[in-house]
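**Student:** Pasting a structure below so you can have a look.
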Amino acid sequence: MDAMLGAQTARPSGKGKKFLNYTQRYWTLYLLLLLPVVYFFIFRYSPMAYILIAFKKYSIVQSVWEMPWAANNGFEHFIKAFSNRDFFYALRNTIMLNMLDLVAGFPMPVILALLLNELAFKRFKRVTQTIVYMPHFLSWIIISGLALQLFAPTSGLVNIALGKFGVEPVPFLNDPAHWVGTYIFLGIWRDMGWGTIIYLAALTGINPELYEAASVDGAGRFRKIWNITLPGLRPTIIVLLIMNLGRVLGSEFDRPYALKNNLVSSVSNVISTFVYTNGIRGQQFSLTTAVGLFQSVVCVIFLLAANALAEKFGERGIW
Amino acid sequence: MIKTKTTKIGDWVIAGFCLLLVFLCLTPLLNVLARSLSSAEALVRNEVILLPVGFNLGAYRLVLGDPKYTWSLAWTAMLTVICTLVSMTMTVLCAYPLTYDQLKGRRFFNTYIILTMYFSAGTIPTYLLLKDIRLLNNPLVLVIPSCLSVFNMIIMRSFFYGIPESLRESAELDGAGPIRTLVSIYLPLSGPSLATLALFYAVGRWNGFADALMFMNKREYFPIQLLLYNILNSVTSVEVSTQEGFSSPGLSETLKAATVMFATVPILVVYPWLQRYFISGVTIGAVKG
């Protein structure tokens with residue numbers, strides 16, 4: 001059929017023939033791509049039209065285009081957001097929890113990868129890896145369930161153990177300061193092992209001859225880690241650090257939502273939970289869209305800045 | 001090479017640290033398992049550590065006897081299977097054409113897709129869109145909006161790139177079109193990577209609850225995690241029994257432990273089988289797309 005069509009076309013020029021040949025061969029590729037392209041259009045691009053309501057007076061009966069502009073040249077909701085106490089706390093908590101995650105959590109997988117790399121017993125190493133990757137596959141609801149039981153003030157395993165040493169019960173989840181510590185700790189617990197995978201992969205790229213040469217020169221274990229292993233990990237560490245820095249204002253939803261409770265809301269409310277509570281629950285669509293837009297834009301700027309910084313330091317960046 | 005005494009001691013110290021970590025990862029699960037199998041009285045007396053005291057299966061029997069809970073388990077399992085199939089199809093459909101160097105407009109498609117990874121419209125615009133296209137509170141809202149992850153697509157594409165181009169060329173010489181090449185060469189060669197991504201999608205769906213919390217208000221369509229959240233955050237056993245339909249109050253602690261175990265066990269069962277596959281998946285995804 002296609003061949004007949006080709007024959008009927010009166011002497012196609014070289015270029016046209018090539019094009020025809022190309023479409024005959026590869027048009028099915030576009031057919032395959034059709035569904036994903038439509039998916040991205042509907043679920044990732046078309047919501048962007050609704051961002052406009054951040055600058056409009058929301059009305060349930062009008063379309064996005066028909067709604068009147070908000071006061072203050074359309075920036076009313078942004079001004080409102082920044083004078084909103086709850087939003088201020090959410091912003092502060094988001095930055096605080098992310099920074100603590102970065103400071104306390106980021107080095108952990110590096111350290112664990114170094115430990116695993118130095119582990120001399122191969123079988124034991126495999127078992128250890130299997131077990132430390134496992135928490136990553138538990139949902140935050142399950143982890144919060146585990147934490148509620150383990151850290152309970154009187155009946156939890158941890159406080160029972162502490163009690164044996166004469167320590168007063170610690171309110172791990174019910175006091176703001178302790179809650180922050182528990183939140184960070186649980187994050188480390190869940191993802192420390194998982195994070196090592198990428199470092200261990202980077203370690204396989206280090207030339208073993210370097211270690212042999214260093215041994216011949218009399219280098220000890222620490223010397224080898226410092227002068228061979230860590231420099232080998234440097235590019236990976238920097239790329240991951242950039243990505244994490246870019247996310248300082250990003251906020252996950254599952255983790256704070258699953259772990260929060262009424263006693264610690266002063267530190268557990270972050271931007272994502274603020275948007276959920278005030279937007280979907282409280283139906284303040286314009287205000288929360290403005291907050292979401294602010295967050296997305298700052299995230300993109302941070303990511304670009306962090307990437308530029310990395311390229312300045314001579315790393316290849318994330319693109 | 002001669003092993004000095006200090007390195008030997010060092011080896012044991014490192015092994016000790018690793019053992020400690022293994023212990024730290026397992027204790028919480030073992031403790032909750034033990035609690036779920038213990039009698040309510042033993043729990044009240046704080047006797048349960050890592051082994052059940054007053055062994056009984058009462059809590060499990062109660063949970064399994066509760067139609068609300070068994071329905072939620074079955075619904076979530078079904079949802080997980082459907083989501084994984086849909087997501088895998090979409091991922092392959094998206095990744096495969098993008099591996100063709102000849103594809104005209106490939107740069108455009110790549111940018112079109114990757115951009116969505118860096119800038120997203122946000123929760124509320126998505127909510128309003130779903131409302132306008134009548135997906136809100138429709139069970140499909142738990143399947144479609146999240147059915148394609150750009151990150152997983154990039155992993156899939158990298159796997160496909162790893163298949164030698166000469167295989168494709170010889171198939172084309174034999175007259176196979178792109179779809180034929182995909183079905184008889186690419187898919188059969190990608191078993192491990194398909195398994196990895198299916199695991200990621202399945203675990204994501206089984207563990208996910210935010211979309212249900214935001215976009216679904218019919219309790220009968222709540223996935224297991226959301227039900228679990230409601231059980232864990234109801235303060236008293238009376239609340240548990242009335243709100244979640246458990247017939248017998250007074251067992252709330254063992255019940256909570258048992259429900260946690262129910263939501264956890266399917267993952268723990270699947271996980272070791274797939275573990276050998278997912279490592280390559282993660283490392284490939286980390287490499288530039």
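**Student:** Of the conditions (1) modelled with pLDDT of 90 or more; (2) open to solvent by less than 80 Å² (accessible area, probe 1.4 Å); (3) of a type outside the set (S, T, N, Q), B:Val81 clears all except one; give me its number.
**Tutor:** Going through (1) modelled with pLDDT of 90 or more; (2) open to solvent by less than 80 Å² (accessible area, probe 1.4 Å); (3) of a type outside the set (S, T, N, Q) one by one, B:Val81 breaks only (2).
Residues checked against (1) modelled with pLDDT of 90 or more; (2) touching a helix residue (DSSP H, G or I) at 6+ places or on another chain (Cβ under 9 Å):
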{"position": "A:Asn117", "(1), (2)": "no, yes"}
{"position": "A:Leu148", "(1), (2)": "no, yes"}
{"position": "A:Lys164", "(1), (2)": "no, no"}
{"position": "A:Asn174", "(1), (2)": "no, yes"}
{"position": "A:Tyr183", "(1), (2)": "yes, yes"}
{"position": "A:Ile188", "(1), (2)": "yes, yes"}
{"position": "A:Glu209", "(1), (2)": "no, no"}
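**Student:** Hey, does the stretch B:63-72 have a residue that's of a type in the set (Phe, Trp, Tyr), closer than 21 Å to A:Ile141 by Cα and open to solvent by 20 Å² or more (accessible area, probe 1.4 Å)?
**Tutor:** The first filter runs over the stretch B:63-72 and keeps only residues of a type in the set (Phe, Trp, Tyr), leaving B:69, B:71.
Within this subset, residues satisfying the condition of being closer than 21 Å to A:Ile141 by Cα are B:69, B:71.
Filter once more, keeping what is open to solvent by 20 Å² or more (accessible area, probe 1.4 Å): B:71.
Looking through the stretch B:63-72, at least one residue is of a type in the set (Phe, Trp, Tyr), closer than 21 Å to A:Ile141 by Cα and open to solvent by 20 Å² or more (accessible area, probe 1.4 Å).
Yes or no, residue by residue, for (1) basic (Lys, Arg); (2) open to solvent by 30 Å² or more (accessible area, probe 1.4 Å); (3) within 13 Å of chain B (Cβ to nearest Cβ); (4) under 22 Å from the mean Cα position of the chain (by Cα):
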position: A:Thr204; (1), (2), (3), (4): no, yes, yes, no
position: A:Arg221; (1), (2), (3), (4): yes, yes, yes, no
position: A:Ile225; (1), (2), (3), (4): no, no, yes, no
position: A:Ile228; (1), (2), (3), (4): no, no, no, no
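**Student:** Quick one: is A:Val270 farther than 30 Å from B:Ile14 by Cα, surrounded by 14 or more Cβ atoms within 10 Å (Cβ to Cβ) and modelled with pLDDT under 85? Lay out the reasoning, then the answer.
**Tutor:** Details: farther than 30 Å from B:Ile14 by Cα: yes; surrounded by 14 or more Cβ atoms within 10 Å (Cβ to Cβ): yes; modelled with pLDDT under 85: no.
No.
**Student:** Just a yes or no: is a residue in the stretch A:230-241 more than 21 Å from A:Gly105 (Cα to Cα), in the same structural domain as A:Phe82 (by TED's automatic domain parsing) and either at pLDDT below 85 or buried (at least 19 other Cβ atoms within 10 Å of the Cβ) (or both)?
**Tutor:** At the first step, the residues of the stretch A:230-241 found to be more than 21 Å from A:Gly105 (Cα to Cα) are none.
Checked the stretch A:230-241: no residue is more than 21 Å from A:Gly105 (Cα to Cα), in the same structural domain as A:Phe82 (by TED's automatic domain parsing) and either at pLDDT below 85 or buried (at least 19 other Cβ atoms within 10 Å of the Cβ) (or both).
**Student:** Does the stretch B:259-269 contain at least one residue that is buried (at least 17 other Cβ atoms within 10 Å of the Cβ), closer than 20 Å to B:Asn31 by Cβ and modelled with pLDDT under 70?
**Tutor:** Taking every residue of the stretch B:259-269 in turn, none turns out to be buried (at least 17 other Cβ atoms within 10 Å of the Cβ), closer than 20 Å to B:Asn31 by Cβ and modelled with pLDDT under 70.
**Student:** Only one of these conditions is not met by A:Ala290: (1) more than 11 Å from every other protein chain (Cβ to nearest Cβ); (2) among the aliphatic types (A, V, I, L, M); (3) open to solvent by less than 50 Å² (accessible area, probe 1.4 Å). Which number is it?
**Tutor:** Here A:Ala290 meets the rest and fails (1).
So that you can scan it fast, the table gives a plain yes or no per residue for (1) surrounded by fewer than 18 Cβ atoms within 10 Å (Cβ to Cβ); (2) outside the structural domain of A:Thr289 (by TED's automatic domain parsing); (3) modelled with pLDDT under 75:
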| position | (1), (2), (3) |
| --- | --- |
| A:Gln8 | yes, yes, yes |
| A:Arg11 | yes, yes, yes |
| A:Lys15 | yes, yes, yes |
| A:Thr23 | yes, yes, no |
| A:Trp27 | yes, yes, no |
| A:Tyr30 | yes, yes, no |
| A:Ile42 | yes, yes, no |
| A:Tyr50 | no, yes, no |
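**Student:** Kindly indicate whether A:Arg247 is buried (at least 16 other Cβ atoms within 10 Å of the Cβ) and either within 13 Å of chain B (Cβ to nearest Cβ) or under 30 Å from A:Asn262 (Cα atoms) (or both).
**Tutor:** Values: buried (at least 16 other Cβ atoms within 10 Å of the Cβ): yes; either within 13 Å of chain B (Cβ to nearest Cβ) or under 30 Å from A:Asn262 (Cα atoms) (or both): yes.
So A:Arg247 passes the test.
**Student:** Moving on. Could you say which residue among B:Leu115, B:Leu135 is in a helix (DSSP H, G or I) and out of contact with any Asp or Glu (no Cβ under 6 Å at 6 or more places or on another chain)? Walk me through it before giving the result.
**Tutor:** Working: B:Leu135 fails: in a helix (DSSP H, G or I).
Only one candidate passes the filter, namely B:Leu115.
**Student:** Let me ask another. Can you name every one of the helices (runs of 4 or more DSSP H) wholly within the stretch A:65-171 that holds 3 or more residues which are within 28 Å of B:Pro266 (Cα to Cα), within 10 Å of chain B (Cβ to nearest Cβ) and open to solvent by less than 30 Å² (accessible area, probe 1.4 Å)? I'd like the intermediate steps shown before the answer.
**Tutor:** Values: elements: A:76-82, A:85-100, A:107-118, A:122-133, A:140-150, A:157-164.
The helices (runs of 4 or more DSSP H) meeting that bar are A:122-133, A:140-150.
**Student:** Of the residues in the stretch B:60-72, how many are at pLDDT 85 or above and within 14 Å of chain A (Cβ to nearest Cβ)?
**Tutor:** Qualifying residue count for the region: 1.
**Student:** Being in a helix (DSSP H, G or I) and more than 10 Å from every other protein chain (Cβ to nearest Cβ) is the filter here, so list the residues in the stretch B:212-227 that pass it.
**Tutor:** Quick first cut of the stretch B:212-227, residues in a helix (DSSP H, G or I) only: B:212-215, B:219-221, B:224-227.
Passing the criteria: B:Ala212, B:Arg219, B:Glu220, B:Tyr221.
**Student:** Does the stretch B:94-122 hold any residues that are polar (S, T, N, Q) and in contact with a Phe, Trp or Tyr (Cβ under 7 Å, 6 or more places away or on another chain), and which are they?
**Tutor:** Here is the first cut: in the stretch B:94-122, the residues polar (S, T, N, Q) are B:99, B:102, B:110-111, B:116, B:120.
Within the stretch B:94-122, B:Thr99, B:Gln102, B:Thr116 meet the criteria.
**Student:** Which condition from (1) open to solvent by 20 Å² or more (accessible area, probe 1.4 Å); (2) touching a helix residue (DSSP H, G or I) at 6+ places or on another chain (Cβ under 8 Å); (3) more than 26 Å from B:Val203 (Cα to Cα); (4) more than 7 Å from every other protein chain (Cβ to nearest Cβ) is the one that B:Arg107 breaks?
**Tutor:** Only one criterion is unmet by B:Arg107, namely (2).
**Student:** Keeping to the stretch B:128-144, report how many residues are over 16 Å from B:Arg219 (Cα atoms), open to solvent by 20 Å² or more (accessible area, probe 1.4 Å) and touching a residue at least 60 places away in the same chain (Cβ under 8 Å).
**Tutor:** Looking only at that region, the number is 0.
**Student:** For the stretch A:173-202, enumerate the residues that are outside any helix (DSSP H, G or I) and surrounded by 21 or more Cβ atoms within 10 Å (Cβ to Cβ). If you could, list the steps in order and put the result at the bottom.
**Tutor:** Restricting attention to the stretch A:173-202, the residues satisfying the condition of being outside any helix (DSSP H, G or I) are A:173-175.
The answer is A:Leu173, and nothing else.
**Student:** Filter the stretch B:153-192 down to the residues that are farther than 17 Å from B:Val92 by Cα and crowded, with 16+ Cβ neighbours inside 10 Å, then identify the one that is nearest to the other protein chains (Cβ to nearest Cβ). Walk me through it before giving the result.
**Tutor:** Taking the stretch B:153-192 and keeping what is farther than 17 Å from B:Val92 by Cα, we get B:164-167, B:169-176.
With the extra rule that they be crowded, with 16+ Cβ neighbours inside 10 Å, the set shrinks to B:171, B:176.
On the way: B:Ala171: 12, B:Ala176: 11 Å.
Of everything passing the filter in the stretch B:153-192, B:Ala176 is nearest to the other protein chains (Cβ to nearest Cβ).
**Student:** Please verify whether B:Cys94 is within 23 Å of the chain's Cα centre (by Cα) and within 17 Å of B:Phe215 (Cβ to Cβ), treating the condition exactly as stated.
**Tutor:** Values: within 23 Å of the chain's Cα centre (by Cα): yes; within 17 Å of B:Phe215 (Cβ to Cβ): no.
Here the answer is no, as B:Cys94 does not meet what is asked.
The values are calculated or read from the model by the stated rules, or taken from the named source; none is laboratory data. Everything numeric in this text was worked out from a predicted model, so none of it was measured. FYI the Cβ positions are ideal-geometry reconstructions off the backbone, even for glycines, and counts take in every protein chain you see. Please note that ligands, DNA and RNA were not included when accessible areas were found on the heavy atoms of the full protein model with its side chains. Shrake-Rupley method; radii C 1.70, N 1.55, O 1.52, S 1.80 Å.
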